[in-house]
Amino acid sequence: MHMKKNEAQRPMSNDARLATLETAFISINSTLLDMKRSFDAMDKKFDSKLDAIDKKFDSKLDAIDKKFDSKLDAIDKKFGSKLDAMDKKFESKFDAMDKKLESRFDILQNRLWSNFLWLMSMIIGLAGLIAHTQHWF
């Protein structure tokens, strides 16, 4: 090996420099391992926090879902009862209209029968008058 110009001024030998470099590498390696352990611990903490948030979020969503279902069931029951009430109201109105219409048809039928009987009695009376005037009996 050739000597460089500043090599003579170096106070350390190659072995000392290698030992210093080895110590620096070991220190750097241990620091990096400590950092890796710290990051792993932070990662575990972060994962546990995320899991806790996820469980909390799921429980809140389940609670909201149950509340939503109960509200929908209540609305469905209320809507069903309102529809039943409206159905009964319409049925009673239609029944009343049907009875009123039947009574009017009965009145009309009675009047037609009355008119028919009057017409028949007038025809029979007229036939009797004609028979009497013509001396048929």
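Values for this structure:
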| read-out | value |
| --- | --- |
| Fluctuation leader among ILE123, ILE28, ILE75 - the chain, Gaussian network, Cα springs under 10 angstrom | ILE123 |
| Inter-part distance where segment 39-60 and segment 78-137 are each reduced to a Cα centre, Å | 84 Å |
| The chain - charge dipole about Cα centre, Lys and Arg +1 at Cβ, Asp and Glu -1, debye rounded to 20 | 520 debye |
| Inter-label distance, nm, simple model (7 Å from Cα along the C-beta direction), LYS66/ALA41 | 3.9 nm |
| Farthest toward positive dipole pole in the chain [+1 Lys/Arg, -1 Asp/Glu at C-beta], among ILE64, LEU117, PHE137 | ILE64 |
| Cα-projected label distance for GLN109 with LEU33, points at 7 Å along beta-carbon direction, nm | 11.0 nm |
| Tilt relative to the chain, helix 14-133 - C-alpha long axis, 0 to 90 degrees, to 10 | 0 degrees |
| Charge context of MET97, other residues only, Cβ under 14 angstrom, K/R +1, D/E -1 | +1 |
| Whole-Å semi-axes of the ellipsoid equivalent to the chain (Cα gyration tensor, √5λ, descending) | 124, 18, 7 |
| Within straight-line cross-link reach of LYS88, lysines at Cα separation under 20 Å, skipping those fewer than 8 residues along the same chain | LYS77, LYS78, LYS99, LYS100 |
| Contour excess over end-to-end distance, with Cα ends at ARG17 and ALA127 and 0.36 nm allotted per residue | 24.0 nm |
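Read-outs throughout are calculated quantities, based only on the coordinates presented, and are distinct from any laboratory measurement. Keep in mind that what you see is a predicted model, and the values were worked out from it rather than measured. Positions of Cβ are backbone-derived with ideal geometry, glycine not excepted, and every protein chain shown enters the neighbour counts.
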